Amino acid sequence: MFFIPFTWSDIVNIDTTTNVGAVTSITDSGATNVTGYFWELKGSSSFSDATTSSRENGTTFHESTLMVSFKPSAQTTPWLDTEAYKNLAEGRWRIVVWDRNDNFWLLGEEYGCDVSTGTEDWGVALGDARVYTLSFMAQEKYGPRPLDATSYSDLSSIFTIDATP
């Protein structure tokens, strides 16, 4: 996944010539691509989108939830990662999710994603992991929007990739 710091003035450009409505670029107010910070995930992470409609009000909105588990960068000094997880939990983000089918999805397009819950878990057996888990939530008019990219390298035309761990 990629974390893009949420700024109200950023512009999410959508391809309106197709029915897909894919994101073609995410730029700041000066038309420069914003930076997305890569965070590699593996294992027990999940992504879902729930649609809520009110017949009485004539409204519909989407609530997307991204639950991610991170292991500390070093099991012997996990406290060194505390600041990074604190920043993720306190920030507001646009998040690009790269699913197992090589599709890219944007969460928090209009209002951003915030952390709703988080845990730090220690295993009990010698081989158990120490894991941080954060649940990001976005409430939007539309569900997660696809990106106009079919590979990792295609993303560089949509936003600037920073793969620094």
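Observations, loosely collected:
- Around Ala149: net Lys/Arg minus Asp/Glu count, Cβ-Cβ under 14 Å: -4
- Summed residue charge, Cβ within 12 Å of Glu90's Cβ, Lys/Arg positive, Asp/Glu negative: 0
- Exposure proxy ranking for Ile95, Ile14, based on other Cβ atoms within 10 angstrom of each Cβ and starting from the fewest, stands as Ile14, Ile95.
- GluC sites (Glu not before Pro) within segment 1-97, DSSP loop, no more than 16 other Cβ atoms inside 10 Å: Glu40, Glu56
- Summed residue charge, Cβ within 14 Å of Ser116's Cβ, Lys/Arg positive, Asp/Glu negative: -2
- Rg over Rh [alpha-carbon atoms, Kirkwood Rh] for segment 1-63: 1.06
- When +1 charges are put on Lys and Arg Cβ atoms and -1 charges on Asp and Glu Cβ atoms, the dipole computed for segment 38-141 relative to its Cα centre reaches about 100 debye.
- Structural descriptor for the chain: relative contact order 29 percent, calculated from alpha carbon pairs under 8 angstrom and at least 6 residues apart.
- Helix-only CD estimate at 222 nm, as mean residue ellipticity for the chain, using -39500 (n - 2.57) per DSSP H run (n ≥ 4): -1500 deg cm²/dmol
Read-outs throughout are calculated quantities, based only on the coordinates presented, and are distinct from any laboratory measurement. The shown structure was predicted, so the numbers you read here are calculated from the model rather than taken from an experiment. Counting neighbours? That spans all protein chains shown, and the Cβs are built from the backbone with ideal geometry, glycine included.
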